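Encoded as structure tokens, the structure appears first; notes follow it.
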Amino acid sequence: MSSTDALTLHYRMETARPAAAPRLERATSLLFIGFLLLTFITTHPLQTGSVDQRADGSILDRIVVFSLFGLALSVIWMARDVALRTITRNVGLIFIIAFCIASITWSAFPGLTLRRSVLLFLLTAISFAIAVGATDLRRLHTQLFLTLAAVVLFNILVTIAVPGEAITPIGVKGIYTQKNVAGIVGLITLVVGATWMVGAGKRRILFALLVMAMAFGFLVATKSRTSMNLALLGVMTVAFVAMAEKFGAAFIVASGVLGALGLAAGLVWLGLYDFDFGSAVAAIIGDASYSGREELWAFARADAEKRPLLGYGYGAYWDVGVANDPLMRAEAGSWLAAVETGVINQAHHGYLELWLHVGLPMTVFATVFVGQRAVFGGMRALFGAGSSESRVFLGALAALLLIYLLHNLTEASLFMRGEIFSNFAVFAMLLLSRARDLGQPGRGGLR
């Protein structure tokens, strides 16, 4: 091929790109909204399902997930150059998903592991497509906030319409299986809304404040203490990023000094209780047993230590049928043995939970990977290129990943397929892997 022909071909390729951009944007937006609705509304709101139904899975879920996956493949093809670059930045995540799939070979229930690890792969692929198809962080942020606003409103309307289904004696659960899941939705909405206000006009700020007031009211109604505390932490983190943006390095240094003083005060507080973390926390929250979780944690840890390296296989510990429910082995006389089979289907501790599924080494690796992405996102938010609106969105994603790690101290969603926080965290990690591209003009979508 002559140099003239090569230049002509290059020119044709470059001029063809803008025509494809609107199609990529539309497909990515459709995929993103579909993914959010699947994550936050689900295909079966207000339905818990029996143990056997959860073991068998939902046909409707499979239809929806495979439909979104088909759209994801088309997005990846349209942005294939970006997809190849993004794959190389997510080798760690690919390793985690591949390990979960490989656990079929040692799983206690290979059929369940196959189905559940494939679901994790498909959901990750959908998030990957959204990340590679993204061309405008602000538009993505807006789509996320508006969808979350609709989700919260839907929950409130359902709670008003069918209070007998949506309200439990321990708090409002909305359309979800329990109040803690509803709390996660309120938490994420508050953090996303607080950051979306950056760069918004007065009318849009009023709208955002209205949505946040609605989300705050819903969160309080859930009585999910963990989510309420973490929502406060998230909003404080957002405020820190905004203040750092305004006042620069001096504010960051001053905050570091205050943080060191706070850490010192925390150590003094622990010292007053002979460094007994449980007693120190109980003095603040008034519940040394973490609502009875300690006995569940002891049971789960004892089982995890029986298979420390590889676990029982991804998705092969809970929801494995009534006859094989792990709590059938609970000590007689404990509240775990007395609880109805299937009511408890997680360890209420994300790190113990993942250990049960894929072993301790992979749990440590996965935790470090999420932490690294949170730190990277925070650095891009504080010191990266791009508009303040884009960087504050990256800051929101980083803050939510930090909250994700903290939330897993009392709930289990760490790389758990289909869980709201897991789906969102995987999406956040993948989008943060493109932060360098999206923070620079001309590096989005098709380049």
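If I take every Cα pair under 8 Å that is 6 or more residues apart in the range 301-447, average their sequence separation and divide by the length, what percent do I get for the relative contact order?
24
With +1 on each Lys and Arg Cβ and -1 on each Asp and Glu Cβ, and nothing else charged, work out how big the dipole of the range 101-206 is about its Cα centre, in Debye to the nearest 20. The partial results should precede the final answer.
Values: 9 positive and 2 negative charges, 52 e Å.
Value, rounded to 20: 240 debye.
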query: Relative contact order of the range 70-160: what whole-number percent is it, with Cα pairs under 8 angstrom and at least 6 residues apart?
result: 38
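What order, most packed first, do the peptides 131-140, 144-153 have when packing is the mean number of other Cβ atoms within 10 Å of each residue?
Values: 131-140: 22.1, 144-153: 20.6.
Packing order, densest peptide first, comes out as 131-140, 144-153.
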message: Let me cross-check R89: its accessible surface, 1.4 Å probe, with only protein heavy atoms counted, in Å² to the nearest 10?
response: 60
query: At R139 and R301, where each label point lies 7 Å from the Cα along Cα→Cβ, what is the point-to-point distance in nanometres?
result: 5.0
- prompt: How do F240, F424, F69 rank by accessible surface area computed with a 1.4 Å probe, from largest to smallest?
  reply: F240, F69, F424
statement: Using the Cα gyration tensor of the range 330-423, the equivalent ellipsoid's semi-axes, largest first and to the nearest Å, work out to 35, 14, 9
query: Given the C-alpha centroids of the range 110-156 and the range 184-226, what is the distance between them in whole angstrom?
result: 19
field: Theoretical gain in end-to-end length, A337 to R436 [0.36 nm per residue, Cα-Cα removed]
entry: 30.5 nm
field: Theoretical FRET efficiency, 1/(1+(r/R0)^6), r = Cβ-Cβ of I170 and L210, R0 35 Å, to 0.05
entry: 0.80
message: What does the net charge come to around F421 if you take all other residues with beta carbon closer than 14 Å to its beta carbon, with K and R at +1 and D and E at -1?
response: -2
- prompt: How many percent of Cα pairs in the range 47-154 exceed 20 Å?
  reply: 56
query: Cβ under 13 Å from L146's Cβ, L146 left aside: what net charge do those residues give with Lys, Arg +1 and Asp, Glu -1?
result: +3
Selection from A161, I205, A131 lying farthest towards where the dipole of the range 66-205 points positive, charges on Cβ: I205
query: Taking 0.36 nm per residue of separation and subtracting the Cα-Cα distance, what length does fully extending T105 through V91 add?
result: 2.9 nm
- prompt: Which whole-number percent gives the relative contact order of the range 298-372, counting Cα pairs below 8 Å spaced six or more residues apart?
  reply: 44
field: Label-point separation in nm, F154 to R329, each point 7 Å along Cα→Cβ
entry: 3.9
Computed magnitude of the charge dipole of the range 62-146 (debye, nearest 20; Cβ of K, R +1, Cβ of D, E -1): 60
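With the Cα gyration tensor of the range 102-171 in hand, give its eigenvalues times 5 under a square root as the equivalent ellipsoid semi-axes, listed largest first in whole angstrom.
In descending order, the three semi-axes are 32, 26, 7 Å.
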task: Mind jotting down a quarter of the surface of the convex hull over the alpha carbons of the range 139-250, in square nanometres, one decimal?
output: 7.6
statement: Everything considered on the Cα gyration tensor (a ≥ b ≥ c; rounded for a/c under 1.5, else prolate if a/b is larger than b/c, else oblate), the range 84-208 must be described as oblate
task: Excluding G183 itself, calculate the net charge of residues whose Cβ lies under 12 Å from the Cβ of G183, where each Lys or Arg counts +1 and each Asp or Glu counts -1.
output: +3
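Which values, in whole Å and largest first, are the semi-axes of the equivalent ellipsoid of the range 288-447 obtained as the square root of 5 times each eigenvalue of the Cα gyration tensor?
Each semi-axis is √(5λ); the values are 38, 15, 13 Å.
The values are calculated or read from the model by the stated rules, or taken from the named source; none is laboratory data. Just so it is clear, the model here is predicted, and its values are computed rather than measured. Cβ coordinates were reconstructed from backbone atoms using ideal geometry, including for glycine residues, and neighbour counts include every protein chain displayed. Protein only, heavy atoms only, side chains kept; ligands, DNA and RNA dropped before computing areas. Shrake-Rupley method; radii C 1.70, N 1.55, O 1.52, S 1.80 Å.
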